[in-house]
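In what follows, a single structure is set out as structure tokens and then discussed.
Values in this text are rule-based calculations from the coordinates and carry no lab data. It should be emphasised that the depicted structure is a prediction, and the values quoted were computed from it without experimental measurement. For neighbour counting, all protein chains shown are included, and Cβ atoms are generated from backbone atoms with ideal geometry for every residue, glycine included.
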Amino acid sequence: MRHFDREMQAVLDGLKAGGQKPGLLLHVCCAPCSSSVLERLHGAFRVTVFFDNPNMDSACEYARRLEETHRLVQETGWAEALVHAPYEPEVYREAIRGLEGEPEGGLRCRACFALRLRRAAREGKARKLGYFTTTLTLSPLKDAVLLNQLGEEAAAEAGATFLASDFKKRGGYPRSIELSRLHHLYRQDYCGCAFSKIERDRRRESCIKAADK
């Protein structure tokens, strides 16, 4: 079984030992997840942050997460640039067409991950950056094996180089919480899509009912 975190660390160590600092496009979903990932990567790469999340349930949520990501980059200096795609919910809806009834974490999520990773691969290639990767593997709720598989498929399709990762390792997720508090970041409680918001509300209602019994 592959150990994605060790694979990535070997790349980082090799770059630092060789004095190289290639470009890397980092697809990000939000500022909190970006925080510990950027902290870990910026010493080995010239990072360009790529905010592209057409799955967001509203333009307001998209703008809020983008604004917080921009603020984090400004406050830390851990990325050389931040670029973002326009909010295109119709692209997401087309990617998940027919999968609307799938459960959270199922085929609908897979299609969403694949969409964003393909777009990141193409963006990184167009900008002539050496690598691309995503913050999505930071989440304890997301499957790093699947995300790395989809990232490598997107890389092959675009002719790009995907940096394998499992950013939740080495205390990555708890560190993101610490950094979020330090920088007073907005921490959302759903992944961003309308389906995850419905699931969040369902869990809340269940908790309220259980507490009232």
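Look at the alpha carbon pairs under 8 Å that are at least 6 residues apart: their mean separation over the length of the stretch 4-188 gives a relative contact order of 30 percent.
For the chain, the normalised intensity computed at q = 0.12, 0.17 Å⁻¹ comes to -0.61, -1.24 (log10 of I(q)/I(0), Debye sum over alpha carbons, equal scatterers, no solvent).
Placing a pseudo-label 7 Å from each Cα along the Cα-to-Cβ vector at ARG6 and GLU157 gives an inter-label distance of 3.1 nm.
For TYR131, the shell of other residues with beta-carbons less than 13 Å away shows a net charge of +2, using +1 for Lys and Arg and -1 for Asp and Glu. The phi torsions of the stretch 74-86, fed into the Karplus equation with coefficients 6.51, -1.76 and 1.60 and a -60° offset, translate into couplings of 5, 6, 9, x, 7, 9, 7, 7, 10, 10, 9, 7, x Hz, rounded to whole numbers, with Gly and Pro shown as x.
For the stretch 83-178, the square roots a ≥ b ≥ c of the C-alpha gyration tensor eigenvalues yield an a/c of 1.5 or more together with a/b not exceeding b/c, which makes the shape oblate.
Here the Karplus relation 6.51 cos²θ - 1.76 cosθ + 1.60, evaluated at θ = phi - 60°, turns the backbone of the stretch 146-153 into coupling constants of 4, 4, 5, 4, 5, x, 5, 5 Hz, with x for every Gly and Pro.
Give, as a single signed number, the net charge of other residues whose beta carbon lies under 10 Å from the beta carbon of GLU100, with Lys and Arg counted +1 and Asp and Glu -1. That sum, taken over residues with Cβ under 10 Å, equals +2. Using θ = phi - 60° in the Karplus curve 6.51 cos²θ - 1.76 cosθ + 1.60, the 3J(HN,Hα) couplings for the stretch 169-178 round to 5, 6, x, x, 5, x, 5, 5, 5, 4 Hz; x is entered for Gly and Pro.
As a proxy for reagent exposure, SER58, SER196 were ordered by neighbouring Cβ count within 10 angstrom, fewest first; the result is SER58, SER196.
Would you mind estimating how fast the stretch 120-163 diffuses translationally, via Stokes-Einstein at 4 °C and 1.567 mPa s with the Kirkwood radius over Cα pairs, in µm²/s? Roughly 123 µm²/s, to the nearest whole number. Straight-line cross-link reach from LYS168 at under 12 Å between alpha-carbon atoms covers these aspartates and glutamates, not counting any fewer than eight positions away in the same chain: ASP5, ASP143. Ordering of 74-83, 142-151, 27-36, 171-180 by packing is 27-36, 142-151, 171-180, 74-83, highest average first (other Cβ atoms within 10 Å, averaged per residue).
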